[in-house]
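Each reported figure results from applying straightforward, stated rules to the coordinates on display, with no laboratory input. Everything numeric in this text was worked out from a predicted model, so none of it was measured. Every residue, glycine among them, receives a Cβ derived from its backbone with ideal geometry; neighbour counts consider all protein chains shown.
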Amino acid sequence: MKLSLRQIEVFAAIARSENVSRAAATLAMSQSAASSALVELERQFDCPLFDRIGKSLRLNSTGRGLLPQAEELLARAAEIEGYLAGGTLGPLAVGATLTIGNYLATLVVAEYLQQHPAAKIGLHVANTQDIVERLRRFELDIGLIEGETHEPDLLLEPWLDDALVVFCSPRHALAAAGAADAPRLATQKWIVRERGSGTRALFDQVIARAIPDLHIQLELEHTEAIKRAVESGLGIGCLSRLSLREAFRRGSLVEIATPQFDLKRHFYFARHRQRHVSPAMQAFLALCRESSGGARGTDTLELPFIR
């Protein structure tokens, strides 16, 4: 066999980072060794895999075709290592959007590690746009995302039902009313998620479209920051009901009923359509499904390992 697993590993790392130095660092090898491995792979088959642009390397069409096969080969190799080491599941890279990451995914990851203590798992929490891009680039095995994506390289599987909720401080004028129509909402100052998040996409699609002169007071990247800002009286917000359940129970925040808006959405499992589904991925997805107990709505969601 002309090629080695190490060459494939180096190729995949360079494809992800588009930089030999960064790829070498992730593989704990020297830059010259990583560069040599790539050059030798291309020389053996007289087949360039990258376009060289300054210090960056961009996958050419041949490299783009090879990357899914390389990632699958590396995943299978990790499975073999785990099997030979005593049945340990291979490494797993999970991405979760902020609402899921902060309120669900960390708990599922903790339970996964309790059930598989020798397993290696990484959790990356970011907005939907970032998670989708990392899945597309094979940097993540699984994504847990809010709302849909139209990225053709990804496969989506519905997981849980969710809904956005408009809310305010209990001292806000709208708290006593309990509901608000579009003209009343148009006069409010809003504190919302940043563009690129699934929450903001649905907010813009439903509420901002119905109220074009909406006053956005603040855009923040974290749900907890939005909740604190609304609690302090800076304005009203719109977030996942999942992220607001405890605040509503405590009475630190109050729901504003908006039946005129359809703010329902889904949480999805997402993966690259060419990504091999490893035993580690199967085990993690099974735990996610088990955690929901067959329930689809976050209003009634009770994870068995959440107390």
Three-way shape label, the chain, alpha-carbon gyration tensor, a/c 1.5 = prolate
Segment D181-A25, extension gain: residue separation times 0.36 nm, minus the distance between their alpha carbons = 50.6 nm
Using a/c under 1.5 as the rounded threshold, could you call the stretch 1-152 rounded, prolate or oblate? The axes a ≥ b ≥ c are square roots of the C-alpha gyration tensor eigenvalues, and prolate needs a/b larger than b/c, oblate otherwise.
-> oblate
Taking the Cβ of R271 as the centre, find all other residues whose Cβ is under 9 Å away and add up their charges (Lys, Arg: +1; Asp, Glu: -1).
-> 0
Under the rule of -39500 (n - 2.57) per DSSP H run of 4 or more residues, summed and divided by the residues of the chain, what mean residue ellipticity at 222 nm is obtained, to the nearest 500 deg cm²/dmol?
-> -12000 deg cm²/dmol
Measure of size requested: the Rg and Dmax of the stretch 34-92, with Cα atoms as the atom set and Å as the unit; please supply both.
-> 14.9, 45
The summed charge of the A286 Cβ neighbourhood (under 13 Å; Lys/Arg +1, Asp/Glu -1) stands at -2
Listing Y83, Y103 from the residue with the fewest other Cβ atoms within 10 Å to the one with the most, what is the order?
-> Y83, Y103
Any chance you could run the full-extension gain for E133 through D46? It's 0.36 nm times the residue separation minus the Cα-Cα distance, nm to one decimal.
-> 28.3 nm
Hey, what did the chain get for relative contact order, percent, Cα under 8 Å, at least 6 apart?
-> 21
Connecting every pair of Cα atoms under 10 Å apart in the chain and solving the GNM, the largest mean-square fluctuation among F167, F11, F50 falls on F50
The chain, Gaussian network, Cα under 10 Å: of T99, T62, T149, the residue fluctuating most is T62
Taking the stretch 95-186 and dividing mean pair separation by its residue count, relative contact order in percent (alpha carbons under 8 Å, at least six apart) | 28
Of A34, A77, Q274, farthest towards positive along the dipole that unit charges on Lys, Arg, Asp, Glu beta carbons give the chain | A34
Quick shape check on the stretch 161-264: root eigenvalues a ≥ b ≥ c of the Cα gyration tensor, a/c under 1.5 is rounded, otherwise prolate if a/b tops b/c, else oblate, and it reads rounded
Share of antiparallel DSSP beta bridges in the chain, in percent to the nearest 5?
-> 55
Please find the FRET efficiency linking Q69 to R245, where r is the Cβ-Cβ separation and R0 is fixed at 41 Å, and quote it to the nearest 0.05.
-> 0.40
When C47, C168 are ordered from fewest to most other Cβ atoms inside 10 Å of their Cβ, what list results?
-> C47, C168
Under a Gaussian network model of the chain whose springs join Cα atoms within less than 10 Å, the largest fluctuation of L84, L74, L92 belongs to L84
Using Cα positions and a limit of under 26 Å, work out the lysines in reach of K227, with same-chain residues fewer than 8 apart set aside.
-> K189, K264
Mind listing the long-range amide H neighbours of L220? Cut-off is under 5 Å, sequence gap 5 or more, other chains count too, H placed in the peptide plane at 1.01 Å from N.
-> V192, R193, E194
Rel. contact order, % - alpha carbon contacts under 8 angstrom, at least six apart, the stretch 161-264 | 49
Based on the mean of other Cβ atoms within 10 Å per residue, sort peptides 244-250, 126-132 so the most packed one is first.
-> 126-132, 244-250
From the backbone phi of the stretch 262-270, what are the Karplus-calculated ³J(HN,Hα) couplings (6.51 cos²θ - 1.76 cosθ + 1.60, θ = phi - 60°) in whole Hz, Gly and Pro given as x?
-> 8, 10, 6, 7, 10, 9, 10, 7, 9
